[in-house]
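The values are calculated or read from the model by the stated rules, or taken from the named source; none is laboratory data. From a predicted model like this one, the values you see are computed outputs, not experimental measurements. Using ideal geometry, Cβ is built from the backbone for each residue, glycine included, and neighbour counts are taken over all protein chains shown.
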Amino acid sequence: MRCPTGKNSYYSEPEVQEALIRSHIRFLQAAKNYYQCNDCGRFHLTSQGDPNLILNDPEVKARIKREQRAQEWTGH
Ligand SMILES: [Zn+2]
């Protein structure tokens, strides 16, 4: 079943948090936060609103930097 919003759906909070972090690693269309959808009950990323607190987590920040650097090396 697809969500009427047409957005990517994530079944669990850890899953959508991972997707949020990955969007920052890839630079493009970095999402700011996620929310639980009223239509499908799953989680979606959003580029609106305040940034999610996990993005301020030093471990998460370090991981984003590290993986961005790894991507530069592989040319992506
Ligand atoms: Zn939805």
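Here are some notes:
- Of Arg42, Arg26, all but one fail to be among the charged types (D, E, K, R) and within 13 Å of the chain's Cα centre (by Cα); the exception is Arg26.
- Meets criteria (surrounded by 13 or more Cβ atoms within 10 Å (Cβ to Cβ), touching a helix residue (DSSP H, G or I) at 6+ places or on another chain (Cβ under 9 Å), on the phi < 0 side of the Ramachandran plot and not in a strand (DSSP E or B)) for Val60: yes
- Evaluation of Arg69 against (1) in a loop (DSSP other than H, G, I, E, B); (2) modelled with pLDDT of 90 or more; (3) over 19 Å from Asn8 (Cβ atoms) (one fails), failing number: (1)
- Any pair with Cβ under 6 angstrom, 6 or more apart, that starts in segment 19-32 at a residue that is under 8 Å from Ser47 (Cα atoms) and ends at one that is of a type in the set (Val, Ile, Thr) and modelled with pLDDT under 95: none
- Between Ser12, Ser47, the distinction of being within 16 Å of the ligand (Cβ to nearest atom), exposed (fewer than 12 other Cβ atoms within 10 Å of the Cβ), of a type in the set (Ser, Thr, Tyr) and touching a residue at least 24 places away in the same chain (Cβ under 8 Å) belongs to Ser12 only.
- Considering only residues in segment 15-43 that are under 25 Å from Gln71 (Cα atoms) and in a strand (DSSP E or B), the one that is farthest from the ligand (Cβ to nearest atom) turns out to be Asn33.
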